[in-house]
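Heads up: the structure comes next, in C-alpha cells.
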Amino acid sequence: MKKPTSKTRRDFIKQSATAASFFIVPRYVLGGPGYTAPSDRLNIAAIGAGGKGISDIRHASVNGRENVVALCDVDFSGSAARSVEAFPAAKRYADFRIMLDEEKDIDAVTVSTPDHTHAVTAAYAMERGIHVYVQKPLAHNIRETRLLTEMAREKKVVTQMGNQGASNPNLDIVKAWVDSGILGKIHKVQIWTNRPVWPQGFGMAEADAMQKPTDLIWDLWLGPAEFRPYTPNLHPFNWRGWWDYGTGALGDMGCHLIDIPYRTLNLGYPLDAECSVGAIYTRMWNPEYHAEGCPASSFVTLHFEATEKSQSPIEMTWSDGGIRPSHPQVIPADHDIGGPGSANGVLFMGENGVISTNVNDSSPLMPKLYLNDGSIEFGPETEDFEEPEYGHHRAWIDACKAGFGSKEHRSLTSSFDYAGPMTETVLMGNLAIRSYMLRQQKEDGGWNYHARKKLLWDGFDMRITNIEAANQFVGRSYREGWEL
C-alpha cells in the first residue's frame, strides 16, 4: 500500500470542518474540554524566526494548539534563538527552499523576513499549496504585490498580511462614524508618522566582510538583491532605510496607517502620485544625493476617485520624518492629533468635522470625532483584548483549517485580496519618492531632475502613463537564481 502523500494530508485538514459535522461522538467525550485531535493540528513553520518572526510564529501556534515543525533563519545566533527556545523540537534550516522541499507535511508558514525577500519566499510556499502569513508590507514593490495577490487565488491558499491592527475591533468605531454620514462629504485624509527611527538619509556604509557575524549566512540574507560583500549596519534591523532591501518609513508604517482610510472609505487604486523629500546640505548649494537610500523625510500626495463612503474625490497626504499636518481648527489646541504626542496618526477631513485616530495596532487606538457644532465623541481610553494582536494570527490559522473560500477565510481582515491593492497604494508613494531622485546631467554639468512631477497612474496595468522612466520602480531586477 502506498504511503499517503502530504498533499492528501493537507486536503484532509482543509476538509476537516465539513467532515466534523458527521462525527457522532462529541470531541469532548474523546479528549476532554478543548481537546484538539492530532489530525486537526496544522504543521506550521517560520521563515524568519527572529525579530517580528518571534511573535508571529508564537501567535500562529495559538498557545501550542498547532504543531511548529520547522524554523528557518539565516542567523540563529541572533534573536531567532528565542524561537528555538520556544519550539525546541522544531527542525532548523537556513534556506527556506530546502526546508519547504524536505518538509513535505508543512501546511502553513509565517514569513517575517526583510521586505526584499517577502515575495520570493511567499511565492515559493504558495506554489506548493502552502498557506502563508506575510509580514507587512506584503512585498517590496508593486509588481511583486500583484503577483502574490493573483497567485493566492490561483493556488487557492489562505493568506493574511501581518498588519495586525486591521483586526482591531475599535476600527469599527471609525467605520460607524463614516457610515453614519455625520462628517458629510469627506474630501481629504492626512496621514503621518514619526518614522524613520533607524539611520536613514545618508550614504551606505562601506562593505567590510571582516565584520560579518560568524553565523550569518550573508548570501541567503541578500536573496534576490544584487550581490555586495557584507555591509555593516544592515542586518538585523537597519535594512529598512535602503531600497535594495527595505521600503522606508512608508513601507514600515503605511500598512498600519493607510489601512484605516483605505478600508473605511473602500478606496481603489490611486489616480496619481507626487512627492517632495527633505534635502540635506553638508556644503553650500549642493544637496546630498543618495538615491540608493530612503530620504530622511518625505511628503506624498495621492488622489482617489469618489466612493459611496466618501461622497467626494479624496486627496490623501502622507508625511514622515516627524513632519505632521497642521492642527485642525475644530480640534482644541491642547488635544493631541492622532496618537500620543501627535507622533503618528490619521485625520479624516469632512465638511462637518474631523475624525482623528491613531496607528491601528496601538493601544489604545481611541478614535476621536470632532464636529463643527462643538460636539465631541471619543472611543475607549483603554483596550482589553483577550488575544494577542487582536487574534490576527489565530483567525488566519482557523481559516487555513476551514479552507480556501470558507466563511472563516472570507472574514479575514487582511487576506491578499484586500491587502494586495492596499499595499500597492502604499508602495505607490515609494514609486513617487524614488522617481523624485531620478536625474540627468546637463551640458553645463548641472542636473535635471526630470521626474519631479505628478505621476499619472494606471493601476490596473501597473503603469505610469506620463513619465516612462518612473516605470522602472514598478518592479525590480533579480539576482540570478532568485527570479520571480
Selection from segment 270-289 of residues that are part of a loop (DSSP other than H, G, I, E, B) and crowded, with 18+ Cβ neighbours inside 10 Å:
PRO270
Selection over segment 136-162 where residues are out of contact with any helix residue (DSSP H, G or I) (no Cβ under 6 Å at 6 or more places or on another chain) and either under 18 Å from ALA45 (Cβ atoms) or part of a helix (DSSP H, G or I) (or both) yields a count of 7
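Return yes or no: is ALA125 more than 20 Å from THR413 (Cβ to Cβ) and either assigned to a helix (DSSP H, G or I) or at pLDDT below 95 (or both)?
So ALA125 passes the test.
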Checking ALA249 against (1) in contact with an Asp or Glu (Cβ under 7 Å, 6 or more places away or on another chain); (2) among the small types (Gly, Ala, Ser); (3) surrounded by fewer than 23 Cβ atoms within 10 Å (Cβ to Cβ), the condition it does not meet
(3)
Given the residues THR193, THR159, which is the only one that is of a type in the set (S, T, N, Q), surrounded by 19 or more Cβ atoms within 10 Å (Cβ to Cβ) and in the same structural domain as SER112 (by TED's automatic domain parsing)?
THR159
Out of HIS256, HIS303, HIS235, HIS290, I need the residue that is under 24 Å from the mean Cα position of the chain (by Cα) and more than 23 Å from ALA166 (Cα to Cα). Which one?
HIS235
Residue among THR214, THR231 that alone is over 30 Å from THR413 (Cα atoms), β-branched (Val, Ile, Thr) and either buried (at least 17 other Cβ atoms within 10 Å of the Cβ) or not assigned by TED's automatic domain parsing to the domain that holds ARG463 (or both):
THR231
Count - residues of segment 186-207 that are of a type in the set (A, V, I, L, M) and touching a Gly at 6+ places or on another chain (Cβ under 8 Å)
3
Whichever residue in segment 316-359 is among the small types (Gly, Ala, Ser), within 23 Å of the chain's Cα centre (by Cα) and assigned to a loop (DSSP other than H, G, I, E, B) and, among such residues, is surrounded by the fewest Cβ atoms within 10 Å (Cβ to Cβ)
GLY322
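Kindly indicate whether any position in segment 383-401 is under 28 Å from PRO196 (Cα atoms) and over 19 Å from the mean Cα position of the chain (by Cα).
The answer is yes; a qualifying residue exists.
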Considering segment 163-213, residues that are in a strand (DSSP E or B) and β-branched (Val, Ile, Thr), and then whichever is nearest to TYR133 (Cα to Cα), we arrive at ILE191
Among the residues of segment 416-453, write down those that are surrounded by fewer than 20 Cβ atoms within 10 Å (Cβ to Cβ) and either closer than 15 Å to MET161 by Cβ or in contact with a Leu (Cβ under 6 Å, 6 or more places away or on another chain) (or both).
ASP417, TYR418, PRO421
Look at segment 382-415 and say how many of its residues are on the phi > 0 side of the Ramachandran plot and in a loop (DSSP other than H, G, I, E, B).
2
Being under 13 Å from TYR269 (Cα atoms) and touching a residue at least 24 places away in the same chain (Cβ under 8 Å) is the filter; apply it to segment 454-470 and report the residue that is surrounded by the fewest Cβ atoms within 10 Å (Cβ to Cβ).
PHE460
So ASP398, is it more than 16 Å from CYS255 (Cα to Cα), acidic (Asp, Glu) and surrounded by fewer than 17 Cβ atoms within 10 Å (Cβ to Cβ):
no
Checking the condition touching a residue at least 60 places away in the same chain (Cβ under 8 Å) and within 19 Å of ARG146 (Cβ to Cβ), which residue from CYS255, CYS294 passes?
CYS255
Subset of segment 393-413 (residues that are in contact with a Leu (Cβ under 9 Å, 6 or more places away or on another chain) and under 23 Å from ILE258 (Cα atoms))
ALA395, TRP396, THR413
Under 6 Å between Cβ atoms, at least 6 apart or on separate chains: pull out the pairs that start in segment 351-375 with a residue that is among the acidic types (Asp, Glu) and end on any residue that is surrounded by fewer than 17 Cβ atoms within 10 Å (Cβ to Cβ).
GLU351/GLY184; GLU351/LYS185
Mind checking which pairs have a first residue in segment 50-78 that is in a loop (DSSP other than H, G, I, E, B) and a second that is among the aromatic types (Phe, Trp, Tyr), Cβ under 7 Å, 6 or more apart or different chains?
VAL74/TRP221
Please give the number of the condition SER362 fails out of (1) among the small types (Gly, Ala, Ser); (2) modelled with pLDDT of 95 or more; (3) surrounded by 17 or more Cβ atoms within 10 Å (Cβ to Cβ).
(2)
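The values are calculated or read from the model by the stated rules, or taken from the named source; none is laboratory data. Remember, it's a predicted structure, so these values are computed and weren't measured experimentally. We place every Cβ from the backbone using ideal geometry, glycine too, and count neighbours over all the protein chains shown.
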